[in-house]
Amino acid sequence: MNYDHILIRYGEMALKGKNIKQFIIKLQENIHQKIKHFEGVKVIRTQGRMFVLLNGNEPEPIIEKLKNVFGIHSLSLAIRVENSEEQIKEGALYALKKEEKAKTFKVTVKRITKDFPIPSQQMNQILGGHLLTNTDGITVDVHEPDVEVRVEIRKEATYITSGSIRCRGGLPVGTSGKSLLLLSGGIDSPVAGFLAMKRGVQLEAIHFHSPPFTSERAKQKVLDLTQTLTKYGKSIKVHIVPFTKLQQEIFREMPNDYAMTIMRRMMFRISERICEQEEILSLTSGENLGQVASQTMQSMHTINEVTNYPIIRPLIAMDKQEVIEISQEIGTYETSIQPYEDCCTIFVPKSPKTKPKREKVNYYESHHDFTPTMEETIKGIETIKITEKTVMDQSFEDLL
Ligand code: ATP
Ligand code: MG
């Protein structure tokens with residue numbers, strides 16, 4: 001006997017009424033996408049649960065992949081046995097013995113099919129007795145057991161688990177539409193992207209770079225960050241905007257203290273154009289209230305004027321330390337702190353307005369026509385599709 005399945009629980013989605021079907025299909029598809037390179041694995045859907053059939057594969061690398069699939073609440077190694085009392089007894093004993101350190105246990109039986117003749121409560125007692133007789137030094141504790149042996153008797157078979165691994169929860173990527181992430185090389189925006197993905201959003205990314213003031217390495221950094229984000233979802237398209245000329249024009253033509261505000265407005269205008277082209281309905285940014293000059297309430301009010309697209313700002317209520325902790329946990333931090341400057345750090349005015357006004361900025365902008373340079377900039381956008389590296393690719397890299 002051996003653990004031959006992984007049981008997947010998807011809590012929150014059970015609440016989603018009539019969307020549930022679409023959610024489950026998406027989750028199954030996303031799981032399949034992440035583990036299909038393991039030979040022979042299958043993702044099986046059944047009422048209220050999903051199972052991965054391991055088909056001889058080691059479970060650990062598959063579990064590592066599943067831990068990053070949004071929509072999964074928790075998972076457990078499971079053994080599948082026939083719906084017979086003898087088989088279930090044997091399976092439950094196996095599951096308990098797998099937890100070597102356990103001193104106490106309880107059994108929880110759920111009978112999902114009434115085809116199985118023994119009621120749950122009675123089955124609980126039968127299994128409890130069987131486990132006590134066939135082990136040494138383990139006792140029952142129904143309140144705080146070291147191990148809960150869970151037995152689900154389903155129509156097709158019985159699944160038995162002992163441990164449980166918490167996952168990220170959230171919603172399957174792709175169930176909440178698409179958003180365009182304004183991705184700098186900093187700490188915040190990748191975390192914002194991650195959190196949007198957690199709510200089921202499929203991302204594309206846009207990055208403004210200003211060669212030769214920003215290096216090729218700064219662009220690579222953004223692609224590396226995107227690569228890390230693909231771990232939590234699917235491929236991500238990155239739109240690289242050649243921003244130098246427009247940025248220089250802004251700093252030449254506009255009052256210095258308003259240049260940053262106007263530059264941000266341009267970023268939103270250009271982003272909106274990508275959205276139209278790619279059928280994306282919102283923007284996502286790493287803005288946070290009160291951190292820097294461009295992130296005051298007045299500043300957001302003035303910058304936001306140029307777009308009526310919803311802007312998702314997942315970090316708005318977070319402290320910097322919280323953001324840093326998430327970035328460390330999701331693996332973007334080390335890349336983000338590499339010292340390659342982005343376009344915003346280079347073109348920083350001496351004293352940017354912390355309270356820019358809409359009237360003023362509109363007045364300044366009306367004195368110069370940015371349209372030709374803006375159109376040229378949009379024409380120069382380069383789009384790169386970043387796909388997740390599979391386990392195979394990574395081990396291949398390790399060999400080099
Ligand atoms: P981050 O850590 O994400 O760089 P930040 O704290 O440096 O954020 P700002 O420089 O004010 O804050 O930028 C606010 C947001 O504007 C960023 O989180 C990002 O979403 C967007 N942004 C800034 N610079 C760029 C860029 N070069 N390309 C794309 N988006 C950008
Ligand atoms: Mg930044």
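Observations
- Answer from SER189, SER162 - the residue that is open to solvent by less than 30 Å² (accessible area, probe 1.4 Å) and within 16 Å of ligand 2 (Cβ to nearest atom): SER189
- Checking each residue in region 165-184 for being open to solvent by 10 Å² or more (accessible area, probe 1.4 Å), under 18 Å from ILE330 (Cα atoms) and in a loop (DSSP other than H, G, I, E, B) picks out CYS167, ARG168, SER184.
- Check on MET263, open to solvent by 10 Å² or more (accessible area, probe 1.4 Å), more than 19 Å from THR335 (Cβ to Cβ) and either of a type in the set (Phe, Trp, Tyr) or not in a strand (DSSP E or B) (or both): no
- Single match in LYS89, LYS97, LYS101, LYS114 (criterion: surrounded by 14 or more Cβ atoms within 10 Å (Cβ to Cβ), at pLDDT below 95 and more than 30 Å from GLN202 (Cα to Cα)): LYS97
- Condition met for PHE194 (of a type in the set (A, V, I, L, M, F, W, C), in contact (Cβ under 8 Å) with a residue 40 or more places away in the chain, surrounded by 22 or more Cβ atoms within 10 Å (Cβ to Cβ) and out of contact with any His (no Cβ under 6 Å at 6 or more places or on another chain)): yes
- Failed condition for ARG273, given (1) open to solvent by 20 Å² or more (accessible area, probe 1.4 Å); (2) in contact (Cβ under 8 Å) with a residue 40 or more places away in the chain; (3) within 16 Å of ligand 2 (Cβ to nearest atom): (3)
- Subset of region 192-224 that is assigned to a helix (DSSP H, G or I) and within 12 Å of ligand 2 (Cβ to nearest atom) - its residue that is farthest from the chain's Cα centre (by Cα): ALA218
- Any hit, region 226-239, residues being open to solvent by 20 Å² or more (accessible area, probe 1.4 Å) and within 24 Å of MET374 (Cβ to Cβ): yes
The values are calculated or read from the model by the stated rules, or taken from the named source; none is laboratory data. None of the values given here were measured: they were computed from a predicted structure. We place every Cβ from the backbone using ideal geometry, glycine too, and count neighbours over all the protein chains shown. Accessible surface is based on the protein model in full, side chains and every heavy atom, while ligands, DNA and RNA are left aside. Shrake-Rupley method; radii C 1.70, N 1.55, O 1.52, S 1.80 Å.
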